[in-house]
Amino acid sequence: MARKETKVHPDHRIVFDKSYYSLPTRYIGKKVWVRGGIKTVQIFLEGELIKTHQRAYRPGSWRTDESDYPPEQSRYIMRSVSHYQAEALKYGEHVHHLITKLMTEHAYMLAIIKREPNIIMVALYKHVSNDLENIQDSCCTS
């Protein structure tokens, strides 16, 4: 069984074996111990079990319990990659391609996009509008 001490990030997540697991708001900023078993990941605070998640086996996977988030945040947290790809498509195919690439190759970007989806989409759209050739080149060659 693997064990690790880690800190709960402001987005309610801990990272264990390159995968992300959610915890309730009250644990943000706290150091917790994580124990990874074959089927589950258990999270402890000061020796007390505070959360159990199904084990994620693929790096970059997310295990999210919607009840870990305040109601005003949970509606964004549970949206899938395909939701954000559809939203990006509203801003054009180049933004869609870039968002898809960022979310599939850089798992942490999904968390950033989920936190501030509209700001990121609009910023990308403005960048695309201002410099379409450069963004097309960077989207298609990176």
Inter-site label distance for Glu46 and Lys18 at 7 Å from Cα along Cβ, in nm: 3.5
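State whether region 1-60 is rounded, prolate or oblate according to the following rule on the C-alpha gyration tensor (a ≥ b ≥ c being the square roots of its eigenvalues): a/c under 1.5 gives rounded; otherwise a/b larger than b/c gives prolate, and the remaining case gives oblate.
Values: a/c = 1.79, a/b = 1.28, b/c = 1.40.
Oblate, since a/c reaches 1.5 and b/c is not below a/b.
His9 to Arg35: extension gain in nm, 0.36 nm per residue of separation minus the Cα-Cα distance? Write down the numbers at each step before the final one.
On the way: separation 26, 0.36 × 26 = 9.36 nm, distance 1.76 nm.
Using 0.36 nm per residue and subtracting the Cα-Cα distance, I get 7.6 nm.
Hey, with R₀ at 22 Å, roughly what FRET efficiency would Gln54 and Arg26 work out to, going by the Cβ-Cβ distance, to 0.05?
Numbers: r = 22 Å, r/R0 = 1.00.
E(calc), rounded to 0.05, equals 0.50.
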Gln85-Met1 pseudo-label distance in nm [points 7 Å out on the Cα-to-Cβ vector]: 3.8
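FYI, it's all coordinate maths here, none of it is from the lab. All figures in this text were calculated on a predicted structure; none of them were measured in a lab. Every residue, glycine as well, gets a Cβ built from its backbone with ideal geometry; the counts of neighbours run over all protein chains shown.
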